[in-house]
1. Using only Cα atoms, figure out Rg for the range 552-690 and give it as a multiple of 2.2 N^0.38 Å.
2. Most exposed first by the Cβ proxy, i.e. fewest other Cβ within 10 Å, how do 691, 179 rank?
3. Normalised by the residues of the range 662-728, what does the relative contact order come to in percent, with Cα pairs under 8 Å and at least six apart?
4. What number comes out for the charge environment of residue 645, summing +1 per Lys or Arg and -1 per Asp or Glu over other residues with Cβ under 14 Å away?
5. Find the eigenvalues of the gyration tensor of the Cα atoms of the range 355-441, then list the square roots of 5 times those eigenvalues as equivalent ellipsoid semi-axes, largest first, in whole angstrom.
6. Once a ≥ b ≥ c are taken as the square roots of the eigenvalues of the Cα gyration tensor of the range 662-728, is the result rounded (a/c under 1.5), prolate (a/b larger than b/c) or oblate (a/b not larger than b/c)?
7. Given 702, 673, 689, which one lies farthest toward the positive end of the charge dipole of the range 659-711, if we put +1 on the Cβ of every Lys and Arg and -1 on the Cβ of every Asp and Glu?
8. For residue 288, which sequence-distant residues (separation of 5 or more, or a different chain) have an amide H within less than 5 Å of its own amide H, given hydrogens modelled in the peptide plane?
Amino acid sequence: MVAAYLDADRREPNRQVGEVSSEKTNTDTEIDVDHLTEAEAKTALAVLADRLSAANAAYYIKDAPEMSDAAFDALKRRNAEIEARFPKLKRADSPTEQVGAAPASGFGKIAHRVPMLSLANAFTDDDVFEFDASVRKYLGLGSETMVDYTAEPKIDGLSLSLRYEKGELTEAATRGDGSVGENVISNARTIDDIPHTLDGAPDVLEVRGEVYMSHADFERLNEKPMGRGEKPFANPRNAAAGSLRQLDAEITRARPLRFFAYAWGDVSAPLSETQSGAIARLEELGFCVNPLMRKCSGPAQMVTHYAQIEEQRATLGYDIDGVVYKVDDLALQRRLGFRSTTPRWAIAHKFPAELAWTTLEGIDIQVGRTGALSPVARLAPVTVGGVVVSNATLHNEDYIRGFDSKGAEIRGGKDIRIGDWVQVYRAGDVIPKVADVDLSKRPPDASPFRFPDTCPECGSDAVREPGDAVRRCPGGLICPAQAVEKLKHLVSRGAFDIDGLGAKQVEQFYADGWIREPADIFTLKERYADGLQQLKNREGWGEKSAAALFDAIEDKRRIPLARLIFGLGIRHVGEAASSLVAHHYGSWEALLQAMEDARTQEGPAWDDLISIDGMGSVMAGSLVSAFAQEAERASIMRLVAQLDVQDSVRTDTHDSPVAGKTVVFTGTLEKMTRAEAKARAERLGAKVSGSVSAKTDILVAGPGAGSKATKAAELGVETLDEDGWLALIADA
């Protein structure tokens, strides 16, 4: 049975922290997601991973959130939006790969037999309709087929898993990091809503839900600390989490904790064939379930119920921060499965963040690693969703003028000027956005903003190419902003990952003229280990730390091909795409020759490049152009001369008849969707391509196959129908 316990990460507004500084910040985290390059997206994801990891530790381990719910959701959603646009950039330590935080040392640990996972978030009604469309698309269902879902309030408390064996409560564990939680069995036994024994339950049953505290109980609890002059709890969620995680169970017993059950984990026998039926069964067994859970047919009913719950939010008597939707049919849940640590069959529809009005005091232009000129609004500090903010992204010059990238009006065509009274929101981005302008409060001397046509860092002409919403500086390495950002990217975690050489050190070495281009990193020792200027004599460095840095640099001379490609910081070519390119060509020499042969962006070498699954013409063009530009190629070659580049090793998939083969799917598949077919082929070690070429090994053609089938026949490519394909991989 599908493990139905899933929840979205959350943060309860606590205090006004996590201020967005008015100082100049990393432009990669300020650029609108739609305008991020892959390289900029990589940097932004690195920053987000660090911030979200720290926030998770504060929330789950310390029970003392360091940012508000809106601030955390803003960070989390920007991360999700970037990964959605650049799915192959997802980091190994991505927030979507992490659930909660590692358990604290004060408790014993319990490994979850079924992981306690998190949910993706929806913030608008459109997101919910898109979620439904993605479910039906994956299942191969037409628009006329209605899918049933459950919709229930998303409780803002602490996740808890209860294990019953032969009807007896034997374990209780917090979520922890999703794989291992804290053993709080003694504390769980003190909560009245949690039965100690069950009658008629399966032999093994893990019941999962949320520990929370009602508003009334929270107020009564806080009266005692305030009466003694002690610091009160910040909010019900903190009070509930802190109470459940007391080392002394008697303290927990004195706290008014409640429990809603809404899911299950490990179970020896199915509870039902549906989500709604399983929850009804839990209620029969004696658990409290939320009375507002409803079964909905399709997204229209889902958003209607969401609105009804939102209207009741203030009168429920406990905290909720959204509505959770789940596909009701458990058989469909099993088919849909999971994306990494989030399911395809469930989503959390979060309540909107707050809005606030403030004065726009100035507009700064920042230059990113790819030369993008990004405008950022300097705001009079204002609290939005519990967070004090001082900056807002303005995306690009069209956005400031009141138009989107297609020329359509936004904000009713109102432009943005310095001195304007602007409405700011934080619904789904790290840096707030400007929602509206109050023209009635516009200063009489406010003039339209003139976007610069030269780079503020190096003075080069800032060029806006046709079809590009962003104006860019072409200065490359002569532009200090771009040069420094390229060097930071080279040493970042997904690239060379040089221990001891981070952004701060790169900035200082660049400012002092010690490092100007990537190759300089690998000649640092011969230039500054001895002589009048020595690294060990610099402030903040010593003999041991200098030697450690030189050793770390030497250790990275031997570099996998994929990491080298990613480290070059080529626009549109992210970490995952770099791995695909490395896997396709195998060696640096082969890649270099292919880039030379594809220089004209036509011919066999170009066709081979764009046949890589996930490699579009824009990404391919950017890759080829990087090697075609004389200055950039020379810089790359100087770097490679310092390295020992390791060939890419193809995965050896045992007992697979399609391992290492290139497969193309075309036409209509009737027994599986295209997404399912592709995923299975890749698991078996095949490379799935979007086009037929001489390198194609197998074409799987369903009804309606057109030009691809014709081309495969011309090239003599083996062609199978869907049944033939399934027979081929049946035993793999």
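1. 1.15
2. Ascending Cβ contact count within 10 Å gives the list 691, 179.
3. Numbers: 103 pairs, mean separation 26.0, N = 67.
Contact order relative to length: 39 percent.
4. Spelling it out: positives minus negatives among the neighbours equals +2.
5. Gyration-tensor ellipsoid for the range 355-441: 19, 17, 12 Å.
6. Taking the square roots of the gyration eigenvalues as a ≥ b ≥ c, the range 662-728 is oblate.
7. 689
8. 261
Here, each number is a calculation from the coordinates, and none is a lab measurement. For clarity, every value in this text was computed on a predicted model and none was experimentally measured. A quick note on method: Cβ atoms are made from the backbone with ideal geometry, for glycine too, and the neighbour counts reach across all protein chains shown.
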